[in-house]
Amino acid sequence: MKFELKVLEIIKRTHDAKSFRFPRPEGFDYKPGQYVLVSLTVEGSVVTKPLTLSSSPTEDHIEFTKKLTGHPFSNVLDNMKIGDSAVVSGPFGKMTFEGEHEKVLLLSGGIGITPMISICKYCTDMHIDSNIVLICSNKTENDLVFRKELDEMMHSNSNLKIMYTLTRASESWIGYKERISDKMIINEVPDYMERRFYICGPPEMVHSMEETLASMNIQKEMVKKELLTGY
Ligand SMILES: Cc1cc2nc3c(=O)[nH]c(=O)nc-3n(C[C@H](O)[C@H](O)[C@H](O)COP(=O)(O)OP(=O)(O)OC[C@H]3O[C@@H](n4cnc5c(N)ncnc54)[C@H](O)[C@@H]3O)c2cc1C
């Protein structure tokens, strides 16, 4: 499905991430974790990029969240105002979760949090009783997109546990200060062998997580992934 949609709301999430909300078109169904193709006019030409829906299918708007890179497509989005339009088509993608497994472990790197918040919000709103652990890896405290929303969800959903790890944490950060590792997973998620795995982030993060999971004897079939290629 393809729609021209007008921006309803713009939410600044961090110093370099913004969410863009649009009315959800009639008949537009999607699964948590899916992405859309967003087309914008950039320097006179139409440029199209994939962006994950950070909204949940339980909501009556759709939203994507872009890491602002300072590059041309990103700058057009960054300068968007309420009422401006974008062409959105989709949904696409197979890294989805609607409660079909009893236990899952979600691993996100940076802006790879976008499908994970959709999954967590959907499962919370729908009172899905799957047990979800989410480990988010970021550089610094200031890069934690959706921290408030995720923490609130964790308080209202006893099946949801969320952890953050920072690779360039400040001295005051209490928590993990490293990349997601086998040791971290073994310590924090001792029943990891009973789980399905979802990985989303930049390609190098996803590949490194796949290697880590393989070294822990997790079969490939247990792992779903989305590589945020192009940045
Ligand atoms: C399935 C999928 C889902 C995605 N979901 C999201 C999402 O939810 N949020 C999100 O933010 N992104 C997401 N992405 C990535 C997104 O589509 C873009 O590729 C990414 O955000 C970078 O786009 P950009 O226009 O900002 O940068 P680009 O201009 O595409 O830059 C990408 C890279 O190209 C190089 N480059 C390009 N121009 C220059 C320049 N002028 N100077 C120097 N280097 C340059 C750099 O290496 C840069 O890092 C997703 C990707 C996929 C495949």
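The values are calculated or read from the model by the stated rules, or taken from the named source; none is laboratory data. What you are looking at is a predicted structure, and each value in this text was computed from that prediction instead of being measured. All Cβ positions, glycine included, derive from the backbone under ideal geometry; neighbour counts span all protein chains shown. We work out accessible area using only protein heavy atoms, side chains counted, and drop any ligands, DNA or RNA first. Shrake-Rupley method; radii C 1.70, N 1.55, O 1.52, S 1.80 Å.
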In the stretch 131-146, residues that are crowded, with 18+ Cβ neighbours inside 10 Å, at negative phi and not in a strand (DSSP E or B) total 3
Checking Pro190 against (1) without any contact (Cβ under 8 Å) to a residue 12 or more places away in the chain; (2) of a type outside the set (Val, Ile, Thr); (3) in a helix (DSSP H, G or I), which test does it fail? (3)
Is at least one residue of the stretch 20-28 closer than 21 Å to Leu144 by Cα and not aliphatic (A, V, I, L, M)? yes
If only one of Asn187, Asn159, Asn217 is away from the ligand (no atom under 16 Å from the Cβ), at positive phi and out of contact with any Leu (no Cβ under 8 Å at 6 or more places or on another chain), which one is it? Asn217
If I filter the stretch 156-170 for residues that are outside the structural domain of Ser55 (by TED's automatic domain parsing), without any contact (Cβ under 8 Å) to a residue 60 or more places away in the chain, of a type in the set (Val, Ile, Thr) and open to solvent by 50 Å² or more (accessible area, probe 1.4 Å), do I get at least one hit? yes
The stretch 57-106, subset surrounded by 15 or more Cβ atoms within 10 Å (Cβ to Cβ), over 16 Å from Pro25 (Cβ atoms) and among the small types (Gly, Ala, Ser), residue farthest from the ligand (Cβ to nearest atom): Gly99
Does Glu152 meet the test of being in a helix (DSSP H, G or I), open to solvent by 30 Å² or more (accessible area, probe 1.4 Å), farther than 25 Å from Pro203 by Cα and at pLDDT 95 or above? yes
Out of (1) open to solvent by less than 30 Å² (accessible area, probe 1.4 Å); (2) within 14 Å of the ligand (Cβ to nearest atom); (3) farther than 28 Å from Ser130 by Cβ, what's the single condition that is false for Gln34? (3)
Can you find even one residue in the stretch 1-18 that is surrounded by fewer than 17 Cβ atoms within 10 Å (Cβ to Cβ), touching a Ser or Thr at 6+ places or on another chain (Cβ under 8 Å) and assigned to a loop (DSSP other than H, G, I, E, B)? yes
Do you know which residues across the stretch 37-56 are over 20 Å from the mean Cα position of the chain (by Cα), open to solvent by 30 Å² or more (accessible area, probe 1.4 Å) and more than 8 Å from the ligand (Cβ to nearest atom)? Thr41, Glu43, Gly44, Ser45, Val46
Can you tell me how many residues in the stretch 193-231 are in a loop (DSSP other than H, G, I, E, B) and of a type in the set (D, E, K, R)? 1
